[in-house]
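These notes concern the structure reproduced below.
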């Protein structure tokens, strides 16, 4: 028996990997995050699969479900929103499974920031504009950010920022970023990327807080910040350039 941590991607049922679909179809138990997941994703599960929504469960309760399935000799598809390598609580869950001697593996998924970039048709790394992407969040009612990982420190690099779990602090973070990027720096907010309820907001650090509040966005959104979002006059990379013969 194995617990399969599976990246469910941004939510669209057709953006799962082939491996993810196979594991969903073959696992008798599926634990999923109902807050972020399009219900159609669960259509990949076989008839009779035990479906457990984790949105109202704490870590102890989730691990209890996984341990119960293990005792019954059942594989579990543990669906994580986006990709398990980012903000999925993978580390906490697998640490407990290791202590219990329960085997597990990980299947990657389409990360939310990549889905958001695809929705607006933008490359986040543009030659001589931005060659780095910082994946981070802001702190509110959550665990503390490690020393040195302040938003201002990342902003000072000029890299493209992809902010997760931050939509409720849009006004504060835009004010913090404006001195580094400029008030007119482009910002894109994508809520529930690829899902039927998808919302896309385009603006700047100056006007995005008002847009977010007017749209009533409270969760399941990614905030992208940086000049790469509007760059048109830039040099071409060497990747496909002419080569000397």
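The numbers here are math on the coordinates, done by the rules we state, and not lab data. These numbers come from a predicted model, not from an experiment. Cβ sites come from the backbone with ideal geometry, for glycine too, and all protein chains shown count toward neighbours.
Summary table
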| item | result |
| --- | --- |
| Over the chain, relative contact order from alpha-carbon pairs under 8 Å, at least 6 apart, % | 20 percent |
| Segment 166-245 - percent relative contact order, Cα under 8 Å, separation 6 or more | 35 percent |
| Sequence of 208, 145 once ranked by neighbouring C-beta atoms within 10 Å, starting from the fewest | 145, 208 |
| Segment 96-204: relative contact order as a whole-number percent, Cα under 8 Å and 6+ apart | 22 percent |
| Of every Cα-Cα pair in segment 112-229, the percent that sits beyond 17 Å | 51 percent |
| Residues of segment 162-188 with amide N under 17 Å of the 7 Å Cα→Cβ point at residue 152 | 172-183 |
| The chain - share of DSSP beta bridges that are antiparallel (%, nearest 5) | 45 percent |
| q = 0.09, 0.23, 0.25 Å⁻¹, segment 3-107: log10 I(q)/I(0) [Debye, one scatterer per Cα] | -0.18, -1.35, -1.62 |
| Kirkwood Rh, angstrom, the chain [1 / mean 1/r, Cα pairs] | 19.5 Å |
| DSSP-defined beta bridges in segment 101-245 - what % are antiparallel, rounded to 5 | 75 percent |
